[in-house]
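Undergrad: After the structure tokens below, expect a handful of questions from me.
The values are calculated or read from the model by the stated rules, or taken from the named source; none is laboratory data. Please read all numbers here as calculations on a predicted model, not as lab measurements. Cβ: placed from backbone, ideal geometry, glycine included. Neighbour counts: every protein chain shown.
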Amino acid sequence: MSSRLPVLFVTSKLPALAQQRLEALTDVEVRQHTSAHAISRTQLLEAVGDADGLVCILSDKIDAEVIQAAGSRLRVISTVSVGYDHVDVNALRRHGGISLGYTPDVLTDATADTTVLLALMAARRVKKALQTVANGEGGGFSLSTGLGSQFTGKTLGIVGLGRIGCATAARLLPFGITRIVYSGSQPRDDRAQPLNAHYVSFEELLKQSDLVCICCPLNERTAGIFNRQAFAAMKSTAILVNTARGAIINQDDLLEALDKGLIAHAALDVTVPEPLPGDHPLVRHPNCTILPHIGSATEETRNAMSNLAIDNALAGIKGQELSAKVDL
Ligand code: DGY
């Protein structure tokens, strides 16, 4: 039996407090990719070899090849994210014996805050307003230009009434929203009742909503659901906010929808790829606001996510129950 310490490989630098904790661990040997540049596939395949635990982030593609490269000691994969579409869960199921940890709950507030931020930016045409100031254009206060819209009396559509969807709806209600509809794989009465939210089909949600917030996970059912047909069903005044995953939206169809005025504005924290090139037509589009995936990017939340991921990794290495585990 080997007497070496278990190896924990971490694919990226953590925020300061969690990084300090990681560096102080004595019951595992920590190996870490600390460069400012994301770990490349080749680096990952090489560095993961012989690891007992792997802490990864959402831009690391974790598939059968990585699992094989890790070797027979690997007991746990712990992603510092609530979304785990970057992990091939079928490969994990087939392999067996490896737990998957993730970080639900701790990022709900920060992500819901970002969703509201984007909704307001879109509604109040903040992209244009900031450009006007940066370019030294515009003549100061005007009664008739730069006018946006407000949420008073409007219908909010939440695609995916999970933790983040609920927190987003609760935050938006005080802005005067009068009706909330939601869609998803099944009704969530427990979550919907306190918000007086109504379960409707996806098509109905598109038809009724003034503001549509995408809060669902990316999976086979949700990939590309915002396509040409979906945009055609939406109100021409509608705002679309996505803080979930870029691939839920067909970006070519979104561009066409914005060009044709099928919807008023899209505000995205997530895109494919990330980041979008600076000259991408969506980045340049006056009716599209894009943030660089900062939904959970607060000191508090990123440290909490990283700490939970460390907890999950340590528990998995020791063969204990993970604090937050994906059912495989
Ligand atoms: C996640 O954890 O999945 C989020 O996208 C990070 O912001």
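Undergrad: Return yes or no: is L22 assigned by TED's automatic domain parsing to the domain that holds I310, surrounded by 16 or more Cβ atoms within 10 Å (Cβ to Cβ), assigned to a helix (DSSP H, G or I) and modelled with pLDDT of 95 or more?
TA: yes
Undergrad: I've got another one for you. Across the range 224-249, what is the total count of residues that are in contact with an Asp or Glu (Cβ under 9 Å, 6 or more places away or on another chain) and either not in a helix (DSSP H, G or I) or not hydrophobic (A, V, I, L, M, F, W, C) (or both)?
TA: 15
Undergrad: Please specify each residue of the range 250-272 satisfying the condition of being more than 13 Å from the chain's Cα centre (by Cα) and within 18 Å of I294 (Cβ to Cβ). Before you say what the answer is, go through the steps one by one.
TA: Within the range 250-272, the first condition is being more than 13 Å from the chain's Cα centre (by Cα), and the residues that meet it are 250-267.
A266, A267, listed by residue number.
Undergrad: Identify, from the list A238, A244, A197, A267, the residue that is of a type outside the set (S, T, N, Q), touching a residue at least 12 places away in the same chain (Cβ under 8 Å) and more than 23 Å from T108 (Cβ to Cβ). Steps first, answer last, please.
TA: Details: A244 fails: more than 23 Å from T108 (Cβ to Cβ); A197 fails: more than 23 Å from T108 (Cβ to Cβ); A267 fails: more than 23 Å from T108 (Cβ to Cβ).
When all the criteria are applied, what remains is A238.
Undergrad: I'd like to know if the range 80-88 contains one or more residues that are acidic (D, E), in contact (Cβ under 8 Å) with a residue 24 or more places away in the chain, part of a loop (DSSP other than H, G, I, E, B) and not assigned by TED's automatic domain parsing to the domain that holds N219. Reasoning before the result, please.
TA: From the range 80-88, those acidic (D, E) are 85, 88; that's our starting set.
Checking the rest, the ones that are also in contact (Cβ under 8 Å) with a residue 24 or more places away in the chain come to 85, 88.
After this cut, where a residue has to be part of a loop (DSSP other than H, G, I, E, B) as well, the list is 85, 88.
Now drop any that are not not assigned by TED's automatic domain parsing to the domain that holds N219, which leaves 85, 88.
Yes, the range 80-88 contains at least one residue that is acidic (D, E), in contact (Cβ under 8 Å) with a residue 24 or more places away in the chain, part of a loop (DSSP other than H, G, I, E, B) and not assigned by TED's automatic domain parsing to the domain that holds N219.
Undergrad: Residues to consider are T42, T103, T108; find the one that is farther than 19 Å from G316 by Cα and within 13 Å of the ligand (Cβ to nearest atom). Quick ask: steps written out before the conclusion?
TA: Working: T42 fails: within 13 Å of the ligand (Cβ to nearest atom); T103 fails: farther than 19 Å from G316 by Cα.
Going through T42, T103, T108 in turn, just one is farther than 19 Å from G316 by Cα and within 13 Å of the ligand (Cβ to nearest atom): T108.
Undergrad: State yes or no: is A119 assigned to a helix (DSSP H, G or I), touching a residue at least 60 places away in the same chain (Cβ under 8 Å), farther than 30 Å from L211 by Cβ and within 21 Å of the chain's Cα centre (by Cα)?
TA: Judged against the criteria, A119 is not a match.
Undergrad: Is it true that A264 is outside the structural domain of A16 (by TED's automatic domain parsing), of a type in the set (A, V, I, L, M, F, W, C), modelled with pLDDT of 95 or more and within 12 Å of the ligand (Cβ to nearest atom)? Before the answer, list the steps.
TA: Working: outside the structural domain of A16 (by TED's automatic domain parsing): yes; of a type in the set (A, V, I, L, M, F, W, C): yes; modelled with pLDDT of 95 or more: yes; within 12 Å of the ligand (Cβ to nearest atom): no.
The answer is no for A264.
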